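The values are calculated or read from the model by the stated rules, or taken from the named source; none is laboratory data. Treat the numbers as computed from the prediction; the structure is a model and nothing was measured. Heads up, the Cβs are rebuilt from the backbone with ideal geometry, glycines too, and the neighbour counts pull from every protein chain shown. With ligands, DNA and RNA removed, areas are computed over all heavy atoms of the protein, side chains included. Shrake-Rupley method; radii C 1.70, N 1.55, O 1.52, S 1.80 Å.
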Amino acid sequence: MRLVFLGPPGAGKGTQVKMLSKELGVPSIATGDVLRLEVASGSELGKLVKGYMERGELVPDDVVISVVEKWLKGIDVKKGFILDGYPRNVRQASELDRMLRELGVELTAAIYLNVPEDEIVRRLSGRLTCRACGAVYHVEFNPPKEDLKCDLCGGELYQREDDREDVVRRRFKVYTESTRPVLDYYREKSKLLVIDGVGGIEEVYERIKRAIGL
Ligand code: ADP
Ligand code: ADP
Ligand code: ZN
(Lines give C-alpha, C1' and ligand atoms only; values in the text may rest on other atoms or scores of the structure.)
(Ligands and ions follow the chains in the order given, each with its own letter.)
Protein backbone atom coordinates (compact mmCIF):
# COMPACT_ATOMS: atom_id res chain seq x y z
CA MET A 1 0.00 0.00 0.00
CA ARG A 2 1.46 3.30 -1.13
CA LEU A 3 -1.04 5.98 -0.21
CA VAL A 4 -1.44 9.74 0.01
CA PHE A 5 -4.18 11.41 2.07
CA LEU A 6 -5.86 14.55 0.76
CA GLY A 7 -8.49 16.81 2.25
CA PRO A 8 -9.03 20.24 3.75
CA PRO A 9 -7.27 21.23 6.98
CA GLY A 10 -8.97 19.43 9.84
CA ALA A 11 -10.54 16.71 7.67
CA GLY A 12 -9.04 14.00 9.88
CA LYS A 13 -6.02 13.05 7.75
CA GLY A 14 -3.57 12.87 10.63
CA THR A 15 -5.98 10.93 12.84
CA GLN A 16 -6.70 8.32 10.16
CA VAL A 17 -3.14 8.06 8.83
CA LYS A 18 -1.72 7.34 12.29
CA MET A 19 -4.29 4.54 12.82
CA LEU A 20 -3.79 3.02 9.38
CA SER A 21 -0.01 3.18 9.42
CA LYS A 22 0.02 1.35 12.75
CA GLU A 23 -2.40 -1.35 11.57
CA LEU A 24 -0.63 -1.87 8.22
CA GLY A 25 2.80 -1.66 9.79
CA VAL A 26 3.99 0.82 7.16
CA PRO A 27 5.80 4.11 7.85
CA SER A 28 4.02 7.43 7.47
CA ILE A 29 5.15 11.03 7.37
CA ALA A 30 3.13 14.20 8.05
CA THR A 31 4.89 17.12 6.41
CA GLY A 32 3.16 19.54 8.80
CA ASP A 33 4.54 17.62 11.83
CA VAL A 34 8.06 17.61 10.38
CA LEU A 35 7.90 21.35 9.68
CA ARG A 36 6.50 22.16 13.15
CA LEU A 37 9.34 20.24 14.79
CA GLU A 38 11.84 22.19 12.67
CA VAL A 39 10.28 25.48 13.80
CA ALA A 40 10.33 24.38 17.46
CA SER A 41 14.00 23.36 17.20
CA GLY A 42 14.98 26.76 15.82
CA SER A 43 16.91 25.18 12.93
CA GLU A 44 17.73 27.10 9.74
CA LEU A 45 14.94 25.23 7.97
CA GLY A 46 12.61 26.10 10.85
CA LYS A 47 13.44 29.80 10.55
CA LEU A 48 12.78 29.66 6.84
CA VAL A 49 9.30 28.09 7.11
CA LYS A 50 7.99 29.72 10.31
CA GLY A 51 6.42 32.79 8.69
CA TYR A 52 4.62 30.81 5.99
CA MET A 53 3.12 28.45 8.56
CA GLU A 54 2.03 31.27 10.86
CA ARG A 55 0.24 32.94 7.97
CA GLY A 56 -1.37 29.68 6.84
CA GLU A 57 0.39 29.72 3.49
CA LEU A 58 2.15 26.82 1.82
CA VAL A 59 5.87 26.72 2.49
CA PRO A 60 7.94 26.80 -0.71
CA ASP A 61 7.63 23.64 -2.83
CA ASP A 62 11.38 23.01 -2.93
CA VAL A 63 11.49 22.69 0.86
CA VAL A 64 8.72 20.08 1.21
CA ILE A 65 9.68 18.23 -1.95
CA SER A 66 13.18 17.70 -0.60
CA VAL A 67 11.86 16.66 2.85
CA VAL A 68 9.63 14.02 1.24
CA GLU A 69 12.25 12.85 -1.23
CA LYS A 70 14.84 12.32 1.52
CA TRP A 71 12.29 10.43 3.60
CA LEU A 72 11.22 8.17 0.73
CA LYS A 73 14.85 7.37 -0.06
CA GLY A 74 15.38 6.34 3.56
CA ILE A 75 12.60 3.73 3.67
CA ASP A 76 11.80 0.63 1.65
CA VAL A 77 9.08 2.03 -0.63
CA LYS A 78 8.32 -1.45 -1.96
CA LYS A 79 6.90 -2.34 1.47
CA GLY A 80 4.51 0.62 1.42
CA PHE A 81 4.10 4.05 3.02
CA ILE A 82 1.53 6.75 3.74
CA LEU A 83 1.91 10.48 3.16
CA ASP A 84 -0.15 12.94 5.22
CA GLY A 85 -0.36 16.54 4.03
CA TYR A 86 1.63 15.99 0.85
CA PRO A 87 1.04 16.69 -2.04
CA ARG A 88 -0.68 20.03 -1.56
CA ASN A 89 -0.47 21.30 -5.13
CA VAL A 90 -0.12 19.83 -8.61
CA ARG A 91 3.61 20.47 -8.79
CA GLN A 92 4.16 18.46 -5.58
CA ALA A 93 1.97 15.68 -7.00
CA SER A 94 3.92 15.42 -10.23
CA GLU A 95 7.23 15.57 -8.34
CA LEU A 96 6.00 12.66 -6.22
CA ASP A 97 5.30 10.69 -9.39
CA ARG A 98 8.84 11.42 -10.56
CA MET A 99 10.35 10.25 -7.24
CA LEU A 100 8.34 7.03 -7.26
CA ARG A 101 9.22 6.39 -10.91
CA GLU A 102 12.89 6.77 -10.02
CA LEU A 103 12.41 4.36 -7.10
CA GLY A 104 10.65 1.87 -9.37
CA VAL A 105 7.20 1.88 -7.73
CA GLU A 106 3.76 3.40 -8.30
CA LEU A 107 1.27 5.06 -6.00
CA THR A 108 -1.59 2.73 -5.01
CA ALA A 109 -4.24 5.36 -4.33
CA ALA A 110 -4.98 8.90 -3.23
CA ILE A 111 -7.54 8.97 -0.44
CA TYR A 112 -9.63 12.11 -0.28
CA LEU A 113 -11.47 12.77 3.00
CA ASN A 114 -14.51 14.82 2.10
CA VAL A 115 -15.69 17.03 4.99
CA PRO A 116 -17.85 20.17 4.63
CA GLU A 117 -16.66 23.54 5.87
CA ASP A 118 -18.94 23.93 8.91
CA GLU A 119 -17.75 20.59 10.30
CA ILE A 120 -14.12 21.57 9.64
CA VAL A 121 -14.51 24.71 11.73
CA ARG A 122 -15.86 22.62 14.65
CA ARG A 123 -12.95 20.20 14.37
CA LEU A 124 -10.17 22.78 14.12
CA SER A 125 -11.48 25.05 16.85
CA GLY A 126 -11.35 22.14 19.33
CA ARG A 127 -8.19 20.45 18.11
CA LEU A 128 -5.42 19.80 20.63
CA THR A 129 -1.97 18.75 19.41
CA CYS A 130 0.86 17.11 21.35
CA ARG A 131 3.95 19.29 21.35
CA ALA A 132 6.21 16.26 21.69
CA CYS A 133 4.83 13.59 19.34
CA GLY A 134 2.24 15.37 17.16
CA ALA A 135 -0.69 13.18 18.25
CA VAL A 136 -4.05 14.94 17.82
CA TYR A 137 -7.06 15.11 20.12
CA HIS A 138 -10.30 17.05 20.23
CA VAL A 139 -11.73 18.68 23.35
CA GLU A 140 -15.14 17.14 22.60
CA PHE A 141 -14.84 14.47 19.87
CA ASN A 142 -11.65 12.76 21.04
CA PRO A 143 -10.58 14.04 24.47
CA PRO A 144 -7.33 12.92 26.12
CA LYS A 145 -7.65 10.78 29.26
CA GLU A 146 -5.98 13.47 31.33
CA ASP A 147 -6.45 17.19 30.76
CA LEU A 148 -3.92 18.68 28.32
CA LYS A 149 -1.65 15.63 28.53
CA CYS A 150 -0.89 13.25 25.66
CA ASP A 151 -2.19 9.67 26.21
CA LEU A 152 0.69 8.29 24.17
CA CYS A 153 3.75 10.11 25.46
CA GLY A 154 2.66 12.36 28.33
CA GLY A 155 3.62 15.47 26.31
CA GLU A 156 1.88 18.82 26.65
CA LEU A 157 -1.22 19.40 24.51
CA TYR A 158 -1.68 22.86 23.00
CA GLN A 159 -3.83 24.66 20.48
CA ARG A 160 -1.86 25.28 17.29
CA GLU A 161 -1.34 28.96 16.46
CA ASP A 162 -2.63 28.34 12.95
CA ASP A 163 -5.89 26.87 14.27
CA ARG A 164 -6.97 30.41 15.16
CA GLU A 165 -9.98 31.52 13.16
CA ASP A 166 -8.28 34.10 10.91
CA VAL A 167 -5.48 31.71 9.93
CA VAL A 168 -7.97 28.87 9.38
CA ARG A 169 -9.80 31.04 6.85
CA ARG A 170 -6.52 31.67 5.05
CA ARG A 171 -5.65 27.94 5.01
CA PHE A 172 -9.05 27.24 3.49
CA LYS A 173 -8.43 29.67 0.69
CA VAL A 174 -5.05 28.09 0.04
CA TYR A 175 -6.67 24.65 0.06
CA THR A 176 -9.34 25.67 -2.44
CA GLU A 177 -6.90 27.38 -4.79
CA SER A 178 -3.86 25.09 -4.61
CA THR A 179 -4.85 21.70 -3.24
CA ARG A 180 -8.28 21.04 -4.75
CA PRO A 181 -6.77 20.77 -8.26
CA VAL A 182 -4.75 17.80 -6.96
CA LEU A 183 -8.04 15.85 -6.76
CA ASP A 184 -8.46 16.15 -10.53
CA TYR A 185 -4.83 15.18 -11.03
CA TYR A 186 -5.45 11.82 -9.32
CA ARG A 187 -8.96 11.41 -10.72
CA GLU A 188 -7.53 11.57 -14.25
CA LYS A 189 -5.09 8.80 -13.30
CA SER A 190 -7.97 6.73 -11.82
CA LYS A 191 -6.27 6.79 -8.43
CA LEU A 192 -8.71 8.93 -6.47
CA LEU A 193 -10.80 7.32 -3.71
CA VAL A 194 -13.41 9.67 -2.28
CA ILE A 195 -14.30 8.90 1.34
CA ASP A 196 -17.13 10.52 3.28
CA GLY A 197 -15.20 12.00 6.22
CA VAL A 198 -18.27 12.88 8.31
CA GLY A 199 -19.03 10.51 11.16
CA GLY A 200 -17.17 8.99 14.07
CA ILE A 201 -13.43 8.36 13.83
CA GLU A 202 -13.91 4.56 13.78
CA GLU A 203 -16.71 4.82 11.24
CA VAL A 204 -14.54 6.82 8.83
CA TYR A 205 -11.67 4.40 9.43
CA GLU A 206 -13.85 1.44 8.39
CA ARG A 207 -14.86 3.27 5.19
CA ILE A 208 -11.20 3.82 4.31
CA LYS A 209 -10.30 0.20 4.92
CA ARG A 210 -13.21 -0.98 2.79
CA ALA A 211 -12.20 1.38 -0.02
CA ILE A 212 -8.65 0.00 -0.13
CA GLY A 213 -9.86 -3.59 0.10
CA LEU A 214 -8.91 -4.42 3.69
P1 ADP B 1 -3.54 20.55 8.47
O2 ADP B 1 -3.44 19.08 8.23
O3 ADP B 1 -4.27 20.90 9.71
O4 ADP B 1 -4.01 21.31 7.28
P5 ADP B 1 -0.63 20.51 8.45
O6 ADP B 1 -0.09 20.16 9.76
O7 ADP B 1 -0.68 19.46 7.40
O8 ADP B 1 -2.09 21.13 8.69
O9 ADP B 1 0.16 21.73 7.82
C10 ADP B 1 0.42 22.89 8.57
C11 ADP B 1 1.18 23.89 7.71
O12 ADP B 1 2.43 23.32 7.30
C13 ADP B 1 0.50 24.30 6.42
O14 ADP B 1 -0.44 25.35 6.62
C15 ADP B 1 1.70 24.73 5.57
O16 ADP B 1 2.17 26.01 5.96
C17 ADP B 1 2.77 23.72 5.98
N18 ADP B 1 2.76 22.52 5.09
C19 ADP B 1 2.50 21.24 5.46
N20 ADP B 1 2.60 20.41 4.41
C21 ADP B 1 2.92 21.18 3.34
C22 ADP B 1 3.13 20.92 1.96
N23 ADP B 1 3.04 19.66 1.44
N24 ADP B 1 3.44 21.97 1.15
C25 ADP B 1 3.55 23.21 1.64
N26 ADP B 1 3.34 23.53 2.92
C27 ADP B 1 3.03 22.52 3.78
P1 ADP C 1 -6.01 16.97 9.54
O2 ADP C 1 -4.76 16.16 9.72
O3 ADP C 1 -6.75 16.62 8.28
O4 ADP C 1 -5.78 18.43 9.68
P5 ADP C 1 -6.78 15.94 12.18
O6 ADP C 1 -6.62 14.46 12.10
O7 ADP C 1 -5.76 16.72 12.90
O8 ADP C 1 -7.03 16.54 10.70
O9 ADP C 1 -8.23 16.21 12.83
C10 ADP C 1 -8.69 17.54 13.09
C11 ADP C 1 -9.48 17.56 14.41
O12 ADP C 1 -10.69 16.83 14.24
C13 ADP C 1 -8.76 16.89 15.57
O14 ADP C 1 -9.10 17.62 16.74
C15 ADP C 1 -9.33 15.48 15.61
O16 ADP C 1 -9.31 14.93 16.93
C17 ADP C 1 -10.76 15.71 15.14
N18 ADP C 1 -11.30 14.60 14.34
C19 ADP C 1 -10.67 13.78 13.48
N20 ADP C 1 -11.52 12.90 12.91
C21 ADP C 1 -12.74 13.18 13.42
C22 ADP C 1 -14.05 12.62 13.22
N23 ADP C 1 -14.27 11.60 12.37
N24 ADP C 1 -15.06 13.17 13.92
C25 ADP C 1 -14.85 14.20 14.77
N26 ADP C 1 -13.66 14.76 15.00
C27 ADP C 1 -12.61 14.27 14.33
ZN1 ZN D 1 2.42 12.88 22.53
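What the table below lists for this structure:
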quantity: GluC sites (Glu not before Pro) restricted to the range 105-134 and DSSP loop, no more than 13 other C-beta within 10 Å; calculated: GLU106
quantity: Computed magnitude of the charge dipole of the range 1-117 (debye, nearest 20; Cβ of K, R +1, Cβ of D, E -1); calculated: 220
quantity: Among 42-48, 150-156, the order from most to least packed when residues are scored by Cβ within 10 Å on average; calculated: 150-156, 42-48
quantity: Under 5 Å, built H, 5+ apart or other chain: amide partners of LEU128; calculated: TYR137, HIS138, VAL139
quantity: Å² of accessible area per residue within the range 147-188, as computed with a 1.4 Å probe and no ligands counted; calculated: 64
quantity: Protein accessible area in the chain, 1.4 Å probe - carbon and sulfur %; calculated: 50
quantity: Placed amide H near TYR86: partners under 5 Å, 5+ positions off or other chain; calculated: PHE5, THR31
quantity: In order through the range 150-167: 3J(HN,Hα) via Karplus (6.51 cos²θ - 1.76 cosθ + 1.60), integer Hz, x for Gly, Pro; calculated: 6, 4, 7, 10, x, x, 7, 8, 9, 8, 4, 3, 7, 8, 6, 3, 5, 6
quantity: Karplus-derived HN-Hα couplings along the range 193-203 (A = 6.51, B = -1.76, C = 1.60, θ = phi - 60°), whole Hz, x at Gly and Pro; calculated: 10, 8, 10, 5, x, 8, x, x, 4, 5, 5
quantity: Lys, Arg +1 and Asp, Glu -1 on Cβ, resulting dipole of the chain about Cα centre, debye, nearest 20; calculated: 420
quantity: Peptide ranges 8-20, 68-80, 120-132 listed from the most packed, as the mean C-beta count within 10 angstrom indicates; calculated: 8-20, 120-132, 68-80
quantity: The range 122-197: equivalent-ellipsoid semi-axes (sqrt of 5 x gyration tensor eigenvalues, Cα, Å); calculated: 30, 16, 11
quantity: Net charge of Cβ neighbours under 12 Å - reference GLY14; Lys, Arg +1; Asp, Glu -1; calculated: +4
quantity: HN-Hα J in Hz across the range 204-210 - Karplus 6.51, -1.76, 1.60, θ = phi - 60°, x for Gly and Pro; calculated: 5, 4, 4, 4, 5, 4, 4
